[in-house]
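Chemist: Following this message is one structure expressed as C-alpha cells.
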Amino acid sequence: MQTIWQDVRFGVRMLVKHRIATIVCVIALGLGIGANTAMFSLAEAFLLHPVPFENSDRIVSLVDSRVASQDGGAGFGSQDFNAVAPATYLDWKKEVHSFDELAAYAWDEISLTGDREAQKVQDFRVTANFLAMIGVQPLMGRTFLPEEEEPGRDQEIILSYGLWEQRYGSDPNVLKRIIKVNGKSFNVVGVMKKGFDFPMPAEAWIPLALGTKERLRRDNRWLWVLGRLKPGVSFSAGAAEMRSISEREAQVYPDTNKAWRVRPQPLREFITGTLTRQYTVLLMGAVAFVLLIACADVANVQFARITGRAGELAVRTALGGSRWRVIRQLLIESILLSSAGAALGLFLAQWDIQMILSHMPADVARFVAGWKTIRLDTNAFLFTLFVAVASGVISGIAPSLLGSRANIAETLKEGGRGSSISRTRHRLRGALVVAEVALALVLLVGAGLLVRNFQGLLNVNEGYSPQTLLTLNFSLQEQQYDQASARLNFNEQIMRRLGAVSGVQAASLVTSAPYANGGGIDQSEFSIEGRPLTQRGEVRSAIVETTTPNYFNTLNIALRGGRLLSETDGAESPPVAVISESLAKRYFSGENPLGRHIKTGKTESASAWLTVVGVVSDVHYGWIVKEDVPTIYRSFRQAPPFSTTVVLRTPGDPLKFASAVRAEIAAVDANVPLYNLKPMDKVITESIVGIAYVATMMAVLGVIALVLASVGVFGVMSYSVSERSHEIGIRMSMGAQTGNILALVLRSGMLLTMLGLAIGLPIAFLLARALSSLLFGVQAADPASFIGLPLLLLAVAGIACYLPARRAAHLDPLQALRHD
C-alpha cells in the first residue's frame with residue numbers, strides 16, 4: 001500500500017510538471033465522461049425508473065397486437081400496441097392463474113366546473129383494485145370500492161396531489177367536498193401522494209364502470225390491462241399462459257379475435273415505449289463513441305509523454321525496477337488523469353442535465369415517463385467512478401505496456417532511433433488516429449441524418465403556414481350536450497362569433513389538428529361497400545376527421561378531384577365524405593373513388609354509409625409514421641363531435657387573438673373548458689421536441705467528436721514532425737524545397753484520415769439503414785450527409801495536418817541536424 005501511495009504522489013508531480021498535456025487530457029476525458037454520465041442519468045430514468053412506484057418489475061402490461069405485427073416489425077421504432085376489449089379482459093380475469101390479479105384502466109378527460117373556472121383535467125377510469133394492485137395508497141382518504149364499479153354508483157373521484165394543491169388550495173377538508181365533474185356531482189374520496197401520476201399524466205381517477213352491453217363487447221378495444229405476477233412466477237411463464245389463453249379465444253371467437261393475440265410486456269418497457277428505448281440506446285452508443293475518441297486522444301498524448309520519459313524509465317529498470325512496477329506507475333498516472341477528467345465531467349453532466357430539463361416544454365414533459373427522476377444520483381456517481389477507472393486503463397494500457405518494454409542499453413544510447421518499439425509505437429498512434437476519424441465520421445453522419453430528419457418534419461408543414469394559425473381545444477359535457485342538435489348549435493354559434501372577430505381571416509373546426517396528438521396518429525377502421533375483407537389479419541384504417549367546410553382552405557389543402565364539403569351537407573342531407581389522395585391510391589387504385597361508399601366503425605346501419613364526393617391532398621398528421629396516412633373527412637353538421645379543435649387563420653401573431661377567442665366561446669357557454677391554446681407552429685415543435693433533443697444531442701456529440709479527432713490528428717502529426725526532425729533536416733540540406741516537406745507531412749496525415757474515412761463510411765451506412773424507418777424527408781443514403789460531412793471531416797483534418805507540416809517546412813536545417 002505504501003508503494004502505491006508513493007506511485008500516486010509521483011504521478012501527481014509528473015502530471016503537474018507536464019501541465020499542457022495534462023490539461024488537454026483532462027478536457028478530452030471530461031467531455032467524454034461528462035456526456036456518458038449525463039446519458040446514464042437519462043437512461044436510468046427512462047429505462048429503470050419510468051413509473052412512480054416500487055416493485056414495478058412484477059407488473060405486466062397485457063396489450064393486444066395484430067397477428068401480422070407480433071414480431072414487432074423489422075424497422076427501427078416499429079410497434080403495434082392496442083387496447084383490449086372488455087369481454088376479453090373479463091375472460092382473462094376468470095382464466096388466468098399466473099397473476100395474483102388483473103386490473104384495467106382507460107384514458108378519459110373530464111371537465112371540472114362549479115367552484116371555479118371550467119378546467120379540463122386528464123383523468124383515468126380505473127377498476128376498483130387498480131391502485132392496490134400496483135401497491136400504492138392515497139395520501140388522504142381511500143381507494144375505490146368494488147361496488148363503485150357498477151354504473152350509477154361510480155360518481156367518486158380521487159385527486160392527484162398537484163390538482164388538490166392547484167385547484168383546491170391543499171384544502172385538508174377536501175374529502176368532505178362534492179365537486180362538479182362533467183356537470184355531475186362527484187364525491188372526493190381520496191388524494192394521492194405527491195409525484196404519483198400513473199398512468200401518465202393522470203390528474204384524477206374515477207371508477208371504471210362497465211355496463212351490461214359493454215361487458216359483452218369483443219370488437220371495441222379501449223381497456224388497457226395490467227397484471228401482477230404471483231410470487232415465484234416468472235415473466236416468461238406468465239406470458240406463455242396469456243398467449244395460450246389468447247390462442248383459445250381466437251378459436252372460440254374467430255370473428256373478433258382471429259387477427260389478434262395478446263402481447264405481454266414488462267410494465268417498464270411498455271410505459272417507456274419502443275421509440276424511447278431505441279433512441280436512448282442510440283445516444284448511449286454515441287456517447288460511448290465520444291469517450292473512445294477521447295481515450296484515443298489521451299493514449300496518443302501518453303505515447304508522447306512516455307517517449308520523452310524513455311531515459312527515466314530505462315534508469316528505473318536499470319536500478320532494479322520490475323516491468324510490473326513501471327506498468328503500474330504509468331497506469332496510475334493514467335487513472336489520475338481520468339479521475340480529474342471525471343471530476344470535470346460531473347460538472348459538465350450536471351450542466352447538461354439542467355439544460356435538458358429546462359428546455360423541455362412542460363406540456364410535453366408530463367407525458368415522458370421517468371422525466372421527473374432525471375438527476376445525478378448515487379448510481380450516476382458510481383457509474384462515473386467506473387467509467388473513470390475504465391477510461392484510465394483503456395487510454396493507458398498500450399502506452400504502459402510499450403513503455404515498459406524499452407531495451408535499457410538501446411534507450412540509454414543516443415535516442416534509440418529506429419528501434420522496433422519506436423516503430424510499433426508509431427503504428428499504434430496511427431491506428432488510434434484512424435479509429436478516431438472513423439468513429440467521428442459515424443457520429444457526424446448519424447447526427448447529420450437526424451438533423452435533416454428534424455428539418456424535414458418542420459418543412460413538410462410549411463405548406464399551410466403554421467406560424468399564423470391559432471389552435472385550441474374544447475370538450476362538451478355529455479350530460480348537457482348529449483343531443484347532436486345541441487352540439488351542432490354550439491359549434492354553429494362559436495363559428496359565427498369567431499369568424500366575426502376583427503382580424504381573423506378564417507375560423508374552422510376539426511376533430512384533431514395535425515401533430516396535435518404528440519406525434520401519434522389515431523386511426524379507425526373503415527369499410528368499402530362491396531369489398532369485404534377476405535384475409536386473416538387484414539384491416540383497413542384511416543384517420544377520421546369531422547370538420548367544417550372551410551377547414552381545407554384554412555390549411556391550404558388542395559382539391560384533387562370532385563368537390564369539398566359544403567354548407568349544404570347538413571343533418572338532413574345524404575352523408576358524404578372527402579378522402580385523401582393516399583386513401584384513393586391505396587384502396588381505389590385504377591378506379592374513380594367519387595360516388596363510392598365507405599363506412600367508419602362497425603355499425604350495421606344502412607344510413608352509416610358515406611358517399612365519397614371529393615379527393616384532397618394529404619396532410620402529415622404525425623411524425624411517428626413517415627408515410628401519408630389515409631384520411632377521411634366528414635361534415636361536422638352530419639356528425640357533431642364532443643371534442644373539437646378550433647383552427648384560426650390570423651394575419652400575424654396568433655396569440656394576440658387568444659383573449660378575444662376565449663371571450664367569444666365563454667359568451668356561448670362559460671362552463672366549456674378551453675385548453676392547448678397555442679400557435680400551430682408551437683404545436684408542431686412540441687410534438688417533435690423529442691426528435692429535436694435527439695438531433696441536437698447527436699449534433700453536439702458529432703462536433704465534439706470532430707474536435708477531438710482533429711486534435712488527435714494534430715497531435716500525432718506534431719509528434720511525427722518532432723520525431724522526424726533529423727530526417728527533415730537531412731532532406732532540406734540535400735535540396736528539398738518547402739513544398740516537398742509540406743507534401744511529405746500532409747501525405748502522411750491525410751493517408752491516416754482517408755483510412756479512417758474508408759472504415760467509417762460503411763459503418764455509417766449501416767447506422768443509416770438502421771435509422772431509415774424513422775427518417776422523414778431524407779434518404780438513408782443522403783448525399784448531404786455521406787458526401788458533405790466526410791468532406792468537412794477531411795478539411796478539418798487537413799488543417800490539423802497543415803499546421804505541423806508548416807512548422808516542419810520552416811525548420812532550420814542546422815538545428816534539425818543537431819536534434820538528439
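The values are calculated or read from the model by the stated rules, or taken from the named source; none is laboratory data. Not measured: the values here are computed from a predicted model. Every residue, glycine among them, receives a Cβ derived from its backbone with ideal geometry; neighbour counts consider all protein chains shown. Just so you know, the surface numbers come from the protein's heavy atoms only, side chains and all, with ligands and any DNA or RNA stripped out. Shrake-Rupley method; radii C 1.70, N 1.55, O 1.52, S 1.80 Å.
Chemist: Restricting the search to region 142-181, which residues are in contact (Cβ under 8 Å) with a residue 12 or more places away in the chain, farther than 19 Å from residue 105 by Cβ and in a strand (DSSP E or B)?
Modeler: 179, 180
Chemist: Right, residue 103: in contact with a Leu (Cβ under 7 Å, 6 or more places away or on another chain), part of a strand (DSSP E or B) and within 30 Å of residue 232 (Cβ to Cβ) or not?
Modeler: Details: in contact with a Leu (Cβ under 7 Å, 6 or more places away or on another chain): yes; part of a strand (DSSP E or B): yes; within 30 Å of residue 232 (Cβ to Cβ): yes.
Taking the combined requirement at face value, the residue satisfies it.
Chemist: Can you name every residue in region 79-89 that is buried (at least 17 other Cβ atoms within 10 Å of the Cβ) and either aliphatic (A, V, I, L, M) or part of a strand (DSSP E or B) (or both)?
Modeler: Selection gives 83, 84, 85, 87.
Chemist: Also, quick follow-up: Please determine whether any residue of region 698-708 is more than 25 Å from residue 582 (Cα to Cα), crowded, with 19+ Cβ neighbours inside 10 Å and of a type in the set (Gly, Ala, Ser).
Modeler: Of region 698-708, the ones more than 25 Å from residue 582 (Cα to Cα) are 698-708.
Add one more test, that the residue is crowded, with 19+ Cβ neighbours inside 10 Å, and what stays is 698, 701-702, 704-706, 708.
If we keep only those that are of a type in the set (Gly, Ala, Ser) too, we end up with 702, 705.
For region 698-708, residues more than 25 Å from residue 582 (Cα to Cα), crowded, with 19+ Cβ neighbours inside 10 Å and of a type in the set (Gly, Ala, Ser): present.
Chemist: Any idea which of (1) farther than 19 Å from residue 479 by Cβ; (2) modelled with pLDDT of 95 or more; (3) in a strand (DSSP E or B) is the one residue 122 doesn't satisfy?
Modeler: (2)
Here is a yes/no grid of residues against (1) open to solvent by 10 Å² or more (accessible area, probe 1.4 Å); (2) over 18 Å from residue 183 (Cβ atoms):
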{"site": "106", "(1), (2)": "no, yes"}
{"site": "110", "(1), (2)": "no, no"}
{"site": "116", "(1), (2)": "yes, no"}
{"site": "133", "(1), (2)": "no, yes"}
{"site": "136", "(1), (2)": "yes, yes"}
{"site": "139", "(1), (2)": "yes, yes"}
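Chemist: Within region 1-35, take every residue that is modelled with pLDDT of 85 or more and farther than 18 Å from residue 303 by Cα and give me the one that is most open to solvent (accessible area, probe 1.4 Å). Can you show your working first?
Modeler: We begin by selecting, within region 1-35, every residue modelled with pLDDT of 85 or more; these are 22-35.
Going one step further and asking which of them are farther than 18 Å from residue 303 by Cα, we end up with 30-35.
Numbers: 30: 0, 31: 58, 32: 0, 33: 1, 34: 1, 35: 15 Å².
For region 1-35, the residue satisfying everything is 31.
Chemist: Could you say which residue among 529, 545, 567, 591 is over 38 Å from the mean Cα position of the chain (by Cα), within 22 Å of residue 637 (Cα to Cα) and not hydrophobic (A, V, I, L, M, F, W, C)? Even if it seems obvious, please write down each step before you answer.
Modeler: On the way: 529 fails: within 22 Å of residue 637 (Cα to Cα); 545 fails: over 38 Å from the mean Cα position of the chain (by Cα); 591 fails: within 22 Å of residue 637 (Cα to Cα).
The conditions single out 567.
Chemist: Select from region 774-784 the residues that are farther than 16 Å from residue 691 by Cβ and not in a loop (DSSP other than H, G, I, E, B) and write down the one among them that is least open to solvent (accessible area, probe 1.4 Å).
Modeler: My answer is 784.
Chemist: A further question follows. Can you tell me how many residues within region 486-509 are small (Gly, Ala, Ser), part of a helix (DSSP H, G or I) and in contact (Cβ under 8 Å) with a residue 24 or more places away in the chain?
Modeler: 0
Chemist: Name the residue that is most open to solvent (accessible area, probe 1.4 Å), counting only residues in region 620-631 that are in contact with a helix residue (DSSP H, G or I) (Cβ under 8 Å, 6 or more places away or on another chain) and of a type in the set (A, V, I, L, M).
Modeler: 624
Chemist: Among the residues of region 180-199, write down those that are open to solvent by 10 Å² or more (accessible area, probe 1.4 Å) and closer than 29 Å to residue 482 by Cα.
Modeler: Of all residues in region 180-199, those open to solvent by 10 Å² or more (accessible area, probe 1.4 Å) come to 180, 182-187, 189, 193-197.
Within region 180-199, 180, 182, 183, 184, 185, 186, 187, 189 meet the criteria.
Chemist: Can you tell me which residue is least open to solvent (accessible area, probe 1.4 Å) among those in region 632-655 that are assigned to a loop (DSSP other than H, G, I, E, B), out of contact with any Ser or Thr (no Cβ under 6 Å at 6 or more places or on another chain) and more than 30 Å from residue 574 (Cβ to Cβ)?
Modeler: The extreme case among them is 652.
Chemist: On to the next question. Assuming residue 241 fulfils every condition listed in (1) acidic (Asp, Glu); (2) more than 33 Å from the chain's Cα centre (by Cα); (3) modelled with pLDDT of 95 or more apart from one, which condition is it?
Modeler: Condition not satisfied by residue 241: (2).
Chemist: I would also like to ask the following. Which one of the conditions (1) in contact with an Asp or Glu (Cβ under 8 Å, 6 or more places away or on another chain); (2) surrounded by fewer than 21 Cβ atoms within 10 Å (Cβ to Cβ); (3) closer than 30 Å to residue 183 by Cα does residue 658 fail to meet, given that it meets all the rest?
Modeler: (1)
Chemist: Now, a different point. Anything in region 461-485 that is hydrophobic (A, V, I, L, M, F, W, C) and either closer than 22 Å to residue 648 by Cβ or in contact with a Leu (Cβ under 7 Å, 6 or more places away or on another chain) (or both)? List them, or say none.
Modeler: Residues of region 461-485 that are hydrophobic (A, V, I, L, M, F, W, C), as a first pass: 469-470, 472, 474, 476, 484.
Within region 461-485, 469, 470, 472, 474, 476 qualify.
Chemist: Could you say which residue among 808, 797 is modelled with pLDDT under 80, out of contact with any Cys (no Cβ under 6 Å at 6 or more places or on another chain), part of a helix (DSSP H, G or I) and open to solvent by less than 40 Å² (accessible area, probe 1.4 Å)? Walk me through how you get there before you give the answer.
Modeler: Working: 797 fails: modelled with pLDDT under 80.
Exactly one residue qualifies, and that residue is 808.
Chemist: So, in region 469-486, exactly how many residues are open to solvent by 10 Å² or more (accessible area, probe 1.4 Å) and over 18 Å from residue 118 (Cα atoms)?
Modeler: Residues that pass the stated criteria total 5.
Chemist: Next question. Would you check which residues across region 681-697 are polar (S, T, N, Q) and open to solvent by less than 40 Å² (accessible area, probe 1.4 Å) and list them?
Modeler: Matches in region 681-697: 687 only.
Chemist: I'm trying to understand the selection: among the residues of region 352-378, which are open to solvent by less than 70 Å² (accessible area, probe 1.4 Å) and among the polar types (S, T, N, Q)?
Modeler: Matches in region 352-378: 373 only.
Chemist: Can you go through 538, 591, 581 and tell me which one is free of Cβ contacts under 8 Å to residues at least 24 places away in the same chain and not aromatic (Phe, Trp, Tyr)?
Modeler: Working: 538 fails: free of Cβ contacts under 8 Å to residues at least 24 places away in the same chain; 581 fails: free of Cβ contacts under 8 Å to residues at least 24 places away in the same chain.
Just a single option satisfies the conditions, and that option is 591.
Chemist: May I pose another question? It is to be established whether one or more residues within region 208-219 are surrounded by fewer than 19 Cβ atoms within 10 Å (Cβ to Cβ), touching an Asp or Glu at 6+ places or on another chain (Cβ under 9 Å), outside any strand (DSSP E or B) and small (Gly, Ala, Ser).
Modeler: yes
Chemist: Looking at region 609-617, can you tell me whether even one residue there is in a loop (DSSP other than H, G, I, E, B), within 16 Å of residue 526 (Cβ to Cβ) and open to solvent by 10 Å² or more (accessible area, probe 1.4 Å)?
Modeler: yes
Chemist: Among all residue pairs at least 6 apart or on different chains, which show Cβ distances below 6 Å where the first residue, located in region 663-691, is assigned to a helix (DSSP H, G or I) and the second is open to solvent by 50 Å² or more (accessible area, probe 1.4 Å) and at pLDDT 90 or above?
Modeler: Final answer for the pair search is 664/497; 668/493; 681/467.
Chemist: From 393, 434, 445, 389, grab the single residue that is open to solvent by less than 10 Å² (accessible area, probe 1.4 Å), modelled with pLDDT of 90 or more and part of a helix (DSSP H, G or I). Step through it out loud before you land on a result.
Modeler: Values: 393 fails: open to solvent by less than 10 Å² (accessible area, probe 1.4 Å); 434 fails: open to solvent by less than 10 Å² (accessible area, probe 1.4 Å); 389 fails: open to solvent by less than 10 Å² (accessible area, probe 1.4 Å).
Sole residue among the options that is open to solvent by less than 10 Å² (accessible area, probe 1.4 Å), modelled with pLDDT of 90 or more and part of a helix (DSSP H, G or I): 445.
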